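What follows is one structure encoded as structure tokens, with my remarks underneath.
The values are calculated or read from the model by the stated rules, or taken from the named source; none is laboratory data. Everything numeric in this text was worked out from a predicted model, so none of it was measured. Heads up, the Cβs are rebuilt from the backbone with ideal geometry, glycines too, and the neighbour counts pull from every protein chain shown. Remember, those area values only see protein heavy atoms, side chains included, never the ligands or the DNA or RNA. Shrake-Rupley method; radii C 1.70, N 1.55, O 1.52, S 1.80 Å.
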There are 2 protein chains.
Amino acid sequence: MGNRLAGSPGAASAVEWTKQLMESYDFDTVYLQPVMVPHWERGGKDVVKIVNSEKHGTVELNALALGNTQGTGPGGLVGEVVEVKSIPELREMGDKVKGKIVFFNGPMDPKLIDTFQAYGGANAQRSSGAAEASKLGAIGTLVRSLSNTVNDIPHTGNQRYNPDFPKIPALAISTQDAELLSQLLADQADLKVYLESHGEMKTEKLSYNVIGEIRGTEKPEEIIAVGGHLDSWDVGEGAHDDGAGCMQAIEVLRLYKELGWKPKRTIRAVMWMNEENGLRGGQEYARVAKEKGEKHIAALESDSGGFLPIGFSSSGTDAQRGKLASWGDLLRQYQLWSLDRPGGGADIGPLRDQGPILIGLKPDSQRYFFYHHTEADVFEAVDQRELELGAAAMAALVYLIEQEGI
Amino acid sequence: MGNRLAGSPGAASAVEWTKQLMESYDFDTVYLQPVMVPHWERGGKDVVKIVNSEKHGTVELNALALGNTQGTGPGGLVGEVVEVKSIPELREMGDKVKGKIVFFNGPMDPKLIDTFQAYGGANAQRSSGAAEASKLGAIGTLVRSLSNTVNDIPHTGNQRYNPDFPKIPALAISTQDAELLSQLLADQADLKVYLESHGEMKTEKLSYNVIGEIRGTEKPEEIIAVGGHLDSWDVGEGAHDDGAGCMQAIEVLRLYKELGWKPKRTIRAVMWMNEENGLRGGQEYARVAKEKGEKHIAALESDSGGFLPIGFSSSGTDAQRGKLASWGDLLRQYQLWSLDRPGGGADIGPLRDQGPILIGLKPDSQRYFFYHHTEADVFEAVDQRELELGAAAMAALVYLIEQEGI
């Protein structure tokens with residue numbers, strides 16, 4: 001399966017393929033849940049070029065427009081560059097960025113061992129940078145790719161405009177090119193950059209969450225949702241993000257079928273649509289669950305890459321989290337040590353007010369931000385055994401929950 | 001640095017390079033410790049061919065002679081194949097293997113999450129298979145590569161002959177080819193295989209352990225040895241095994257220099273020579289330490305790959321291991337969870353009777369046996385951040401030991 005941004009033909013293909021796969025495993029029920037999704041298209045090759053370097057003349061940078069951005073169009077635009085490390089630093093600049101291209105160059109903090117914490121500390125510049133820069137009259141933004149390695153691979157990702165201000169173009173450049181641009185700016189304040197991008201938000205499309213279910217024998221009304229998101233960015237293959245999570249969730253149910261084990265409570269594999277640039281699938285799934293009066297006791301998402309599982313993060317009541325902690329001795333036998341960190345998952349977040357414990361599979365995070373949202377996130381980058389250990393960890397936890405409740 | 005089996009020009013180059021590297025970091029003392037090492041040479045291309053398959057005719061298998069083996073010579077040899085899964089199963093065969101080639105096809109147990117346990121359960125067939133088969137009159141052995149993946153990469157490794165019986169050739173074949181050979185044997189009992197190998201044990205060579213030291217300020221007589229082994233097999237680059245461990249040990253001392261921190265006790269980085277096919281470096285290091293009346297309080301080895309560190313294994317007195325456990329809350333903050341498993345390291349084992357706690361860095365083991373002892377174990381297979389986290393983990397533990405003793 002190639003890449004599959006919500007609304008794309010690839011996403012439609014993924015919906016059909018995933019449904020057929022679950023049907024082939026003979027789950028009790030397999031169905032599609034309709035959901036309208038935004039449909040953004042990149043529209044062409046993204047170009048970022050330094051045009052007047054005294055040292056190097058013209059320098060092409062490795063770039064990818066951010067998701068949901070409005071492109072410059074084929075004519076592109078040229079502007080002087082102002083570098084900042086964060087949105088607070090941008091705000092301090094005030095009027096100085098008017099008519100300029102703002103270059104957000106805040107690195108992920110390498111001292112944080114959990115790279116998701118480093119990501120969390122740096123991602124505002126990507127998700128809100130263009131909106132904030134536009135308020136101050138900037139004409140475009142560049143952002144250092146959210147990666148903890150320095151190389152030439154640009155990382156795309158979502159951003160949200162402020163509807164009250166112009167939708168200025170916003171592109172990520174590779175960490176290596178961010179370092180270069182920063183060095184050149186230090187020596188030459190009037191450095192100019194050419195931006196060209198072609199992004200466009202099209203009309204919404206009909207798409208689907210894909211759902212497969214094994215019905216519980218004793219308390220079928222108590223549902224355990226386990227899943228990942230089916231959409232990916234429009235580069236690479238979305239293998240770690242989040243093909244891995246989808247396949248692991250399906251694997252949990254497949255293992256039940258293969259073992260002939262009948263769960264006491266209902267287990268539902270859910271492939272949510274549109275996590276990357278809208279979260280519509282997760283929202284619609286929660287809305288429908290509420291409308292139908294369904295009772296989710298737990299929701300478990302795998303959306304942190306198909307790497308070595310090291311535990312689960314969670315959010316819920318003290319009683320729920322206490323129950324999870326009570327299984328610690330069992331889980332630690334399988335090297336699932338990290339059980340007390342807060343967390344969950346983007347797609348299961350909308351279920352929160354319906355009361356289930358929200359749980360995230362927590363894999364080793366060291367290599368994730370090499371691949372995340374890039375051309376490098378391909379099938380071959382996933383290690384089969386690491387992927388399987390994650391699925392086994394999820395199956396073990398789902399087993400405990402369907403047996404004992406939570 | 002390329003591959004560097006003990007006694008080879010590559011090993012001599014590694015000795016000199018490592019010494020120069022530590023000198024460039026300005027450690028207090030850098031020196032070579034002479035040690036005589038065995039010198040085995042592969043001598044040419046290893047060939048394994050099925051010669052009479054009714055299904056496929058001639059089939060060439062991916063093979064590597066095991067270390068310290070005597071080759072067939074250029075004429076090779078041909079024989080019928082008898083498959084066994086283990087040495088006990090071989091012994092039950094008794095006379096039936098006389099004049100035959102014994103094919104050891106015991107897989108690593110995929111159900112063991114720690115792959116080193118699975119390796120431990122399967123490696124007798126590689127290390128002792130030829131010796132045991134020779135006792136029963138076999139003319140050669142093949143062994144399934146010690147890998148938990150199925151692919152076409154053969155894994156070499158050490159084996160020991162029994163001096164009272166003929167030194168028969170012994171070669172590893174890839175796991176994929178082991179599966180194929182087993183399938184063909186199931187259908188055709190008279191399957192014959194051609195073996196050709198060129199290994200030869202040459203005369204012993206002079207080589208060296210390479211040692212760098214930062215002297216303690218308060219108790220310089222108390223030594224903490226931290227190291228890896230400098231030699232590797234003669235294929236690939238020995239990057240995970242054990243270039244990673246060597247570089248991490250040097251990094252521990254380099255960090256002290258960079259920070260300007262002076263340890264209370266003496267810290268010594270040791271690159272042991274000849275772990276792979278003789279352990280002479282580890283033995284000589286321990287012998288000299290005893291002769292000089294040195295007092296090692298701890299020895300820490302990294303020889304399990306440059307992957308994500310997850311803890312330390314150890315062996316020592318209850319008091320020593322209790323002291324290690326008392327640092328658990330500090331170490332777990334850095335995701336070093338696994339602190340209670342028994343262990344240590346091959347090169348530090350000979351120090352045992354001098355009383356130090358023996359400690360092994362314990363990295364994630366899932367991917368190690370893809371690379372171990374193969375052409376695939378190259379520089380590019382090591383992730384920089386994982387390697388650095390391992391070095392940081394070792395430095396953190398060495399700091400605690402030099403401050404508090406153990």
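If you go through the stretch A:350-389 one residue at a time, how many are touching a strand residue (DSSP E or B) at 6+ places or on another chain (Cβ under 7 Å) and either more than 30 Å from A:A319 (Cα to Cα) or away from chain B (no Cβ under 13 Å) (or both)?
The initial filter retains those residues of the stretch A:350-389 that are touching a strand residue (DSSP E or B) at 6+ places or on another chain (Cβ under 7 Å), namely A:351-352, A:354, A:356-364, A:389.
With the extra rule that they be either more than 30 Å from A:A319 (Cα to Cα) or away from chain B (no Cβ under 13 Å) (or both), the set shrinks to A:351-352, A:354, A:356-361.
Number of matching residues: 9.
Considering only the stretch B:131-154, I want to know if a residue exists there that is in contact with a helix residue (DSSP H, G or I) (Cβ under 9 Å, 6 or more places away or on another chain), basic (K, R) and closer than 30 Å to B:K362 by Cα.
yes
Go through the stretch A:186-202 and count every residue that is in contact with a Pro (Cβ under 9 Å, 6 or more places away or on another chain) and of a type in the set (S, T, Y). Show your work before the answer.
From the stretch A:186-202, those in contact with a Pro (Cβ under 9 Å, 6 or more places away or on another chain) are A:195-199, A:201-202; that's our starting set.
In the following step, the residues that additionally are of a type in the set (S, T, Y) were identified as A:197.
Residues flagged as in contact with a Pro (Cβ under 9 Å, 6 or more places away or on another chain) and of a type in the set (S, T, Y) within the stretch A:186-202 amount to 1.
With the condition kept exactly as written, say whether any residue in the stretch B:245-265 is assigned to a strand (DSSP E or B), buried (at least 24 other Cβ atoms within 10 Å of the Cβ) and modelled with pLDDT of 95 or more. Walk me through it before giving the result.
Of the stretch B:245-265, the ones assigned to a strand (DSSP E or B) are B:265.
Retained after the next criterion (residues that are buried (at least 24 other Cβ atoms within 10 Å of the Cβ)): B:265.
If we keep only those that are modelled with pLDDT of 95 or more too, we end up with B:265.
Checked the stretch B:245-265: at least one residue is assigned to a strand (DSSP E or B), buried (at least 24 other Cβ atoms within 10 Å of the Cβ) and modelled with pLDDT of 95 or more.
Can you find, within the stretch A:137-159, the residue that is most open to solvent (accessible area, probe 1.4 Å) among those that are over 15 Å from the mean Cα position of the chain (by Cα) and within 14 Å of chain B (Cβ to nearest Cβ)? Explain how you work it out, then say what you get.
Of the residues in the stretch A:137-159, the ones over 15 Å from the mean Cα position of the chain (by Cα) are A:137-144, A:148-154.
When the remaining residues are screened for being within 14 Å of chain B (Cβ to nearest Cβ), the result is A:148-151.
On the way: A:N148: 43, A:T149: 43, A:V150: 91, A:N151: 23 Å².
Checking each candidate, the answer is A:V150.
Give, as residue ranges, the strands (runs of 3 or more DSSP E) completely inside the stretch B:36-117 that count at least 1 residues that are of a type in the set (S, T, Y) and modelled with pLDDT of 95 or more. Walk me through how you get there before you give the answer.
On the way: elements: B:47-53, B:57-61, B:63-65, B:77-84, B:101-104.
Once the strands (runs of 3 or more DSSP E) in the stretch B:36-117 are filtered for at least 1 residues that are of a type in the set (S, T, Y) and modelled with pLDDT of 95 or more, what remains is B:47-53, B:57-61.
Looking at A:S134, A:S232, A:S207, can you tell me which residue is part of a helix (DSSP H, G or I), surrounded by 19 or more Cβ atoms within 10 Å (Cβ to Cβ) and hydroxyl-bearing (S, T, Y)?
Just one listed residue meets the conditions, A:S134.
From the set of residues in the stretch A:367-406 that are open to solvent by less than 30 Å² (accessible area, probe 1.4 Å) and of a type in the set (G, A, S), which is nearest to A:D152 (Cα to Cα)?
Per the criteria, the residue is A:A376.
Can you tell me which residue in the stretch A:315-332 is nearest to the chain's Cα centre (by Cα), limited to those that are small (G, A, S) and over 25 Å from B:Q366 (Cα atoms)?
Of the stretch A:315-332, the ones small (G, A, S) are A:315-316, A:319, A:322, A:325-326, A:328.
Filter again for over 25 Å from B:Q366 (Cα atoms), leaving A:315-316, A:319, A:322, A:325-326.
Details: A:S315: 19, A:G316: 22, A:A319: 29, A:G322: 28, A:A325: 27, A:S326: 30 Å.
Applying the filter and picking the extreme gives A:S315.
Any residue in the stretch B:350-368 that is within 14 Å of the chain's Cα centre (by Cα) and over 30 Å from B:V288 (Cβ atoms)?
Among the residues of the stretch B:350-368, at least one is within 14 Å of the chain's Cα centre (by Cα) and over 30 Å from B:V288 (Cβ atoms), which makes the answer yes.
Checking A:L195 against (1) open to solvent by 20 Å² or more (accessible area, probe 1.4 Å); (2) more than 22 Å from the chain's Cα centre (by Cα), which single condition isn't satisfied?
Every listed condition holds for A:L195 apart from (1).
Got at least one residue in the stretch A:310-330 being assigned to a helix (DSSP H, G or I), in contact with a Leu (Cβ under 8 Å, 6 or more places away or on another chain), within 14 Å of chain B (Cβ to nearest Cβ) and over 22 Å from A:S207 (Cβ atoms)?
Of the stretch A:310-330, the ones assigned to a helix (DSSP H, G or I) are A:318-326, A:328-330.
Narrowing further to those that are in contact with a Leu (Cβ under 8 Å, 6 or more places away or on another chain): A:324-325, A:328, A:330.
Subsequent filtering for residues that are within 14 Å of chain B (Cβ to nearest Cβ) retains A:328, A:330.
Checking the rest, the ones that are also over 22 Å from A:S207 (Cβ atoms) come to A:328, A:330.
There is at least one residue in the stretch A:310-330 that is assigned to a helix (DSSP H, G or I), in contact with a Leu (Cβ under 8 Å, 6 or more places away or on another chain), within 14 Å of chain B (Cβ to nearest Cβ) and over 22 Å from A:S207 (Cβ atoms).
Considering only residues of the stretch A:329-366 that are small (G, A, S) and open to solvent by less than 20 Å² (accessible area, probe 1.4 Å), which is nearest to A:S147 (Cα to Cα)? Show your work before the answer.
Looking only at the stretch A:329-366, we keep the residues that are small (G, A, S), and these are A:338, A:343-346, A:349, A:355, A:360, A:365.
So of that shortlist, the ones also open to solvent by less than 20 Å² (accessible area, probe 1.4 Å) come out as A:338, A:360, A:365.
Working: A:S338: 23, A:G360: 21, A:S365: 12 Å.
Going through the qualifying residues, I end up with A:S365.
Regarding A:G305, is this residue open to solvent by 10 Å² or more (accessible area, probe 1.4 Å), closer than 30 Å to B:R385 by Cβ, assigned by TED's automatic domain parsing to the domain that holds A:W17 and not in a helix (DSSP H, G or I)?
Numbers: open to solvent by 10 Å² or more (accessible area, probe 1.4 Å): no; closer than 30 Å to B:R385 by Cβ: yes; assigned by TED's automatic domain parsing to the domain that holds A:W17: yes; not in a helix (DSSP H, G or I): yes.
Taking the combined requirement at face value, the residue does not satisfy it.
Say whether the condition of being touching a helix residue (DSSP H, G or I) at 6+ places or on another chain (Cβ under 7 Å) and surrounded by fewer than 23 Cβ atoms within 10 Å (Cβ to Cβ) is met by at least one residue in the stretch B:315-328.
yes
Quick one: what pairs do we get from the stretch A:227-244, first residue farther than 22 Å from A:G349 by Cα and in the same structural domain as A:R280 (by TED's automatic domain parsing), second open to solvent by less than 10 Å² (accessible area, probe 1.4 Å) and of a type in the set (G, A, S), C-beta under 8 Å, 6+ apart or different chains?
Close Cβ pairs (under 8 Å, with a partner that is open to solvent by less than 10 Å² (accessible area, probe 1.4 Å) and of a type in the set (G, A, S)) amount to A:A239/A:G306.
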